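A.B. asks: The structure under discussion is supplied below as structure tokens; questions concerning it will follow.
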Amino acid sequence: MKLQTSSEKIDLFKNTFRASMPLTDDYVFHAVFGRDTEESRAALIEILNIILERKQDPIRAIVIKNPIEIPEREADKESVMDIRAETESGELLDIEMQAGDLQFYQNRALFYGSRLVNSALQVGENYDKMKKSIVISITSGRLFPSLAGCHNIFEMRDRECGLLLCDRLELHFLELSKIDGRKPVSALTEIERLGAYLKFASVEDRQDYVQQILSSEDIAMTENAYRKVTEDELEYERRESRFRYQLQRNTELSVARSEGLAEGAAQKQREIAKNLKHAGIPIEVIAENTGLTAEEIAQL
């Protein structure tokens, strides 16, 4: 696809499924950034250099360690779509788009980090050879309401003086909910531009805003990979299939929880009725106070 220039505008939504394939969807995010293709690697390098602020020492090459092939995608609709990668300098990364429940998500990010750290040193290597582990979490919701910035970085530091213990683990959080879509593109920082693009790329009535972001050419490779995915009808169908499966699964879990609660309440009433019956309380009184029928009480 020919990339747009600052003086050229194209209809981003023409002949694409873009409006139905937001980048905040974990499947779409992985399809754009997590495939073992030249387009995905270029897009991933592009956003990593922005998030990690690597202008002076940019990432130039990357290996995606867990590319998911299409048959596996279709068979495993419940899989977590995180992207594990390694840079040419040996840094280990785990990148995830999270649009769902954020309860205990900080613990989840730490678990990802510990998983990376556990593989950062080979058996027999000295500790000075430990690779750096970096977890990047992009969330639609708000994780840190007390922090104003949309991009927060956590390291291992002393609680009192802030002394860095070591730089082998970093946790990055980019909260898209903190991106102010009313702010002029010219006033956005580089990380805010990326966040705004991820947040609004599939919103048709924000097309002009997204076009302004793209004119900065910070994320041309990302737009290229995203457009390629959203032009693919089969990719759209796969995303819809996963989406429908997750809706059905959530409905089934909700019904199961409701039925479990109802059964628990009914069992409690039966136990109360049984105790009242053993205490000699008349059956009609028990029925009136528990909602059970006389026949049900007689069988207790």
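A.B. asks: So how much slack lies between Leu165 and Ala99, counting 0.36 nm per residue of separation and subtracting their Cα-Cα distance, in nm?
C.D. replies: Contour length minus Cα-Cα distance gives 20.6 nm.
A.B. asks: Would you report the distance distribution of C-alpha pairs in the chain as whole percents per 20 angstrom bin, up to the bin with the largest distance?
C.D. replies: Going from the shortest bin to the longest, the percentages are 27, 45, 17, 11, 0.
A.B. asks: To the nearest 500 deg cm²/dmol, what mean residue ellipticity at 222 nm is calculated for the chain from DSSP H runs of n ≥ 4 alone, each contributing -39,500 (n - 2.57), summed and divided by the residues?
C.D. replies: -14000 deg cm²/dmol
A.B. asks: For region 29-70, state the average projected area of the convex hull of the C-alpha atoms over all orientations, rounded to one decimal in nm².
C.D. replies: For region 29-70, the mean projected area of the Cα convex hull comes to 3.0 nm².
A.B. asks: Determine, from the Cβ-Cβ distance of Asp205 and Thr251 and an R0 of 35 Å, the FRET efficiency 1/(1 + (r/R0)^6), rounded to the nearest 0.05. Numbers along the way, then the final one.
C.D. replies: Working: r = 30 Å, r/R0 = 0.86.
With a Förster radius of 35 Å, E is 0.70.
A.B. asks: While we're looking at this one, here's another question. Share of the chain's accessible area from carbon and sulfur, percent, 1.4 Å?
C.D. replies: On the way: 8430 of 16740 Å².
Looking at the chain in its full context, I get 50 percent from C and S.
A.B. asks: Per residue, how much accessible surface does region 77-126 expose to a 1.4 Å probe? Answer in Å², no decimals.
C.D. replies: Accessible area per residue: 52 Å².
A.B. asks: Right, something else. Using +1 at the C-beta of Lys and Arg and -1 at the C-beta of Asp and Glu, which of Ser133, Leu163, Gly113 has the Cα lying farthest in the positive direction of the dipole of the chain?
C.D. replies: Result: Leu163.
A.B. asks: A further question follows. Determine the alpha carbon to alpha carbon distance for each of Lys199/Lys228; Lys65/Lys129; Lys132/Lys228 and list only those over 22 Å.
C.D. replies: Over 22 Å Cα-Cα: Lys132/Lys228.
A.B. asks: Rolling a 1.4 Å sphere over the protein heavy atoms, what is the accessible area per residue of region 206-300, to the nearest Å²?
C.D. replies: On the way: 5920 Å² over 95 residues.
Dividing the accessible area of region 206-300 by its residue count gives 62 Å².
A.B. asks: Let me ask something else about it. Of Pro282, Pro58, Pro184, which is the most mobile in a GNM of the chain whose springs link Cα atoms less than 10 angstrom apart?
C.D. replies: Pro282
A.B. asks: Could I ask something else about it? Gaussian network model of the chain, Cα springs within a sub-10 Å range: biggest mean-square fluctuation belongs to which of Arg182, Arg108, Arg60?
C.D. replies: Highest fluctuation among the options: Arg182.
A.B. asks: Considering the chain as a Gaussian network with a 10 Å cut-off on Cα pairs, which listed residue, Glu39, Glu86, Glu160, attains the greatest mean-square fluctuation?
C.D. replies: Of Glu39, Glu86, Glu160, the Gaussian network model singles out Glu160 as fluctuating most.
A.B. asks: Where the centre of each part is set by its Cα atoms, how far does region 255-296 sit from region 176-217, in angstrom?
C.D. replies: Distance between centres, Cα-based: 58 Å.
The values are calculated or read from the model by the stated rules, or taken from the named source; none is laboratory data. Predicted model, so just to flag it, every value in this text is computed and none were measured. FYI the Cβ positions are ideal-geometry reconstructions off the backbone, even for glycines, and counts take in every protein chain you see. For accessibility, only protein heavy atoms count, side chains too; no ligands or nucleic acids. Shrake-Rupley method; radii C 1.70, N 1.55, O 1.52, S 1.80 Å.
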